[in-house]
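What follows draws every value from the coordinates through simple rules; no lab data is involved. Computed from a predicted structure; not experimentally measured. Here the Cβ positions follow ideal geometry from the backbone for every residue, glycine too, while neighbour counts run over all protein chains shown.
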Amino acid sequence: MTRPFYVTTPIYYVNDVPHLGHAYTTIVADTLARFHHMCGDDARFLTGTDEHGQKIVEAAEKRGLSPQALTDQVAPRFRETWVDLGMRFDDAAETHGFARDFIRTTEDRHKQVARALWSKIQEKNPDDLYLATYEGWYCVGCEAFYTESQLKKDGGGEWVCPTHERPVSWVAKETSYFFRLSKYGDALAEHIEKHPHFIQPEQYKNEVLGFLRGGLRDLSVSRTSFSWGIPVPEDPKHPGEAARHVMYVWFDALTNYLSALGDPFDAERGPDVVRYWKSAVHTIGKDILRFHAVYWPAFLLSAGLPLPRMILCHGWWAIGGRKISKSIPATRVAPVALAHDLAGSSSVPATGIDALRYFLLRETPLGNDGDLIYEGLIERYNADLANDVGNLINRSLTMLVRFGGGGIGARDAALATTGPHASLARVAAEAARDARMSFENFAPSRALEAIWRLVREANAYIAATEPWTLAKDPARKPELDHVLHTLTAALWWTRLLVAPVLPATAAAVDGWLGAGLAERDARWPAEDAFGTDLPALSPQAATPLFPRIDEKRAALLLEKWLPPESTVSSPTAPSVRPQPTVRPEPAGAQAAAVSKDAFTPAPLAPTIAYDDFAKLDLRVGLVVAARAVPKAKKLLELTVDLGEGRHRTILAGIAEAFAPDTLVNRRVLVVANLAPREMRGLTSEGMILAAGDDAILALATVDADAPPGTRVK
Ligand code: MSP
């Protein structure tokens with residue numbers, strides 16, 4: 001029996017058309033589904049649209065439409081975008097080999113299950129849903145309530161939402177149903193501790209545990225001030241209330257993950273729930289972590305349902321250092337248009353989509369924030385796609401046609417164990433193994449790194465074996481045959497391994513090799529089968545797949561992508577390395593700029609011997625979590641990964657220069673062998689290096705993603 005693998009994206013609000021941030025989550029989930037299908041799992045993919053709630057009501061009013069008309073207009077835009085990006089819904093099983101569903105929360109199948117979940121909670125735990133009054137701050141962008149301690153004040157002293165940075169609105173006293181969330185804190189913490197992979201990557205698990213430690217407040221889960229939602233079941237209008245209660249939009253929306261499978265409480269309508277539910281992996285962005293890792297499991301526990309397998313949380317993409325936002329046109333990147341631009345004159349236009357998928361997945365480890373810098377995109381396209389994989393495909397096929405007469409040569413078992421032939425086989429086996437492990441561990445960027453080791457080794461193999469020289473000497477025909485066969489094997493494995501991320505490339509190579517392997521039938525190769533698992537092939541020459549973006553085209557693209565007022569980058573210099581993560585400006589940066597001229601360095605300390613220096617053990621540390629230390633204005637408590645298999649607590653006096661959130665995922669330099677020190681009831685196990693003092697504080701860091709624990713000398 002195949003293992004089920006059920007992967008979901010968040011369902012998208014229909015007040016907005018799809019942008020690159022939405023595309024990222026969807027592409028991550030799609031890649032995982034394709035990979036698992038290739039490994040023989042029973043994959044299932046779900047996406048959809050979140051169509052109820054105040055946000056949609058307001059967006060519809062602005063456009064002079066009814067909410068239903070707005071959702072009917074925008075929901076198809078999402079579906080079409082995913083179709084344009086190569087995801088099939090209607091004939092998914094036929095093309096991809098696995099089921100792909102698109103759910104709208106205005107569909108009956110969904111409403112029915114949302115109501116069933118509510119009723120089940122009432123039935124199993126009658127005290128979990130109770131009527132009470134609330135008033136408080138609400139962010140329509142997040143569709144969430146906030147306490148003042150969770151909000152920020154803007155320049156004018158107004159409370160603003162920390163995610164949307166827009167003013168929140170005051171909701172006057174209203175009666176609503178509350179969900180007894182406070183009852184579930186311990187059960188959730190226990191579940192997370194017992195299932196260490198429930199929230200991934202690690203830093204987000206720590207964030208949720210921190211949130212749980214702060215204690216949970218009951219959650220308002222219905223509204224009467226508008227009617228655009230799913231009515232609370234069996235709940236007539238209460239005397240003195242303006243209208244019937246509709247469910248809080250997050251209660252409604254989260255249920256989509258179940259409703260798309262069927263009714264969990266009805267044996268006849270829910271066999272897919274039984275089959276897939278426990279394998280569910282919810283791919284989400286970090287802004288909606290709390291809803292998925294706290295509220296959703298609490299609702300499920302209350303209804304007596306099992307929890308999903310995993311909440312897989314990713315960071316945010318910025319464009320040229322700026323957060324994607326409606327109000328900044330340069331950040332409103334339409335994914336399909338960008339893919340189209342990248343395709344340029346490719347003989348297979350869909351490889352523009354592959355290029356976009358590749359960049360998004362390769363550039364930033366899942367979980368970290370990413371920054372799309374257009375020059376970096378072009379540079380990576382040219383280096384990894386045009387140069388590495390594009391060249392490999394082109395050169396191999398050309399040589400198979402020219403020197404192999406359209407055949408694929410023949411394997412020589414003795415030769416296979418020698419020199420470059422053996423090392424290519426070894427690298428290929430490692431690539432298949434490492435990439436598989438990385439995909440299984442939800443690390444697509446590492447999987448791609450592993451696959452590219454094979455691609456580069458295969459290019460190096462061509463240079464080392466020089467098939468064109470072998471072809472000149474009839475006596476070396478058996479060697480040539482073996483080289484051509486090995487090259488075909490490398491191309492075949494490249495086609496298989498890239499398929500989850502670059503499906504159009506895989507299909508094109510398949511066509512040129514004459515393999516006739518439908519996407520749904522392609523399987524991940526067995527590690528020990530390199531060179532021995534080739535199907536019948538009849539190669540033909542390739543046409544350009546990833547044409548190089550030369551300086552002239554780069555300038556044109558950058559001019560198109562960067563609006564004239566943009567100061568993000570120069571349109572003519574495609575040479576800047578991409579920034580691996582979004583690094584918000586440290587709070588001290590402005591002060592540094594102001595006081596630079598007046599700066600006099602402190603006098604030098606007395607000279608020390610090298611041996612004194614060598615006593616210091618300096619290491620690269622990755623900040624996994626950061627939080628304020630209560631009642632200590634200057635101190636932050638950092639959780640730092642030094643590659644030791646456990647995390648260290650390090651206290652740093654940098655609270656006045658850095659907000660805790662801005663430090664997570666940053667690499668810092670740590671004095672790792674400093675004696676532990678007690679401060680404020682905590683033990684600090686090391687010291688972070690920083691330059692300057694309170695006014696000008698800059699963290700010492702490394703300019704590449706060196707692994708945590710790397711020694712600094
Ligand atoms: N409707 C809710 C989700 C309900 S799921 C039961 C919602 N919708 S959303 O349209 O606002 O966002 C959907 C997803 O897009 C979120 O995971 C969010 O993190 C992601 N992104 C939106 N902007 C993004 C970036 N700039 N970068 C990466 N992902 C971002 O929230």
* Gain in span if fully extended, residue 211 to residue 174, counting 0.36 nm per residue against the direct Cα distance -> 10.7 nm
* Asked: What's the extension gain from residue 527 to residue 675 if we count 0.36 nm per residue and subtract their Cα-Cα distance?
  -> 48.6 nm
* Structure fact -> Here the gain from full extension of residue 387 to residue 73, 0.36 nm per residue of separation minus their alpha-carbon distance, amounts to 108.9 nm
* **Pair residue 634, residue 131: separation of 7 Å Cα→Cβ label points (nm)** => 5.6
* the chain: relative contact order in percent, alpha carbon pairs under 8 Å with at least 6 residues between -> 11
* **Rounded Å value of the spacing that divides the Cα centres of the range 454-507 and the range 631-660** => 50
* **P(r) of the range 124-252 over all Cα-Cα pairs, binned every 10 Å from zero, in whole percent** => 11, 33, 35, 19, 3
* So if R0 is 30 Å, what FRET efficiency would residue 689 and residue 166 give, r being the distance between their Cβ atoms, rounded to the nearest 0.05? -> 0.20
* Structure fact -> To the nearest 20 debye, the chain has a Cα-centred charge dipole, built from +1 on Lys and Arg Cβ and -1 on Asp and Glu Cβ, of 440
* the range 419-567 pair-distance distribution - Cα-Cα, 5 Å bins, rounded % -> 2, 8, 15, 18, 18, 14, 9, 7, 5, 2, 1, 0, 0
* Asked: How far, in degrees from 0 to 90, does helix 67-84 lean away from the longest principal axis of the Cα atoms of the chain, to the nearest 10?
  -> 20
* Once Lys and Arg get +1 and Asp and Glu get -1 on their Cβ, which of 191, 698, 358 lies farthest toward the positive end of the dipole of the chain? -> 698
* To do: Taking the Cα centre of the range 366-408 as origin, work out the dipole magnitude from +1 charges on Lys and Arg Cβ and -1 charges on Asp and Glu Cβ, in debye rounded to 20.
  => 500
* **Using distinct alpha-carbon pairs, which all enter the 1/r mean, Kirkwood radius of the range 1-130 in Å** => 16.3
* the chain - mean residue ellipticity at 222 nm from DSSP helices (-39,500 (n - 2.57) per run, n ≥ 4, rounded to 500) -> -11000 deg cm²/dmol
* Pair residue 39, residue 108: separation of 7 Å Cα→Cβ label points (nm) -> 3.9
* Asked: Around residue 503, with a cut-off of 10 angstrom between Cβ atoms, what is the net charge of the other residues, counting Lys and Arg +1 and Asp and Glu -1?
  -> -1
* Can you grab the distance from the C-alpha centre of the range 67-85 to the C-alpha centre of the range 151-192, Å, no decimals? => 29
* **Rounded tilt (10° steps) of 503-513 against the dominant C-alpha axis of the chain** => 20
* GluC sites (Glu not before Pro) restricted to the range 624-672 and DSSP loop, no more than 16 other C-beta within 10 Å -> 644, 656
* To do: Quick one: dipole size for the range 124-252, taken about the Cα centre, charges +1 on Lys/Arg Cβ and -1 on Asp/Glu Cβ, in debye to the nearest 20.
  => 40
* In nm, give the distance between the simple-model label positions of residue 147 and residue 560, each being 7 Å from the Cα along the Cα-to-Cβ direction. => 5.1
* Measuring from the lowest to the highest alpha carbon on each principal axis, how far does the range 282-441 reach, largest first, in angstroms? -> 64, 43, 23
* Structure fact -> Unpartnered Cys in the chain, judged by a 4.7 Å Cβ-Cβ cut-off, are 39, 313
* Asked: Helix 419-440 versus the longest principal axis of the chain: what is the Cα-based angle in degrees, 0 to 90, to the nearest 10?
  -> 10
* Taking every pair of Cα atoms in the chain, average 1/r, invert it to obtain the Kirkwood radius, and report Rg/Rh to two decimals. => 0.99
* Computed E for residue 548/residue 646 - FRET, C-beta separation, R0 51 angstrom, nearest 0.05 -> 0.65
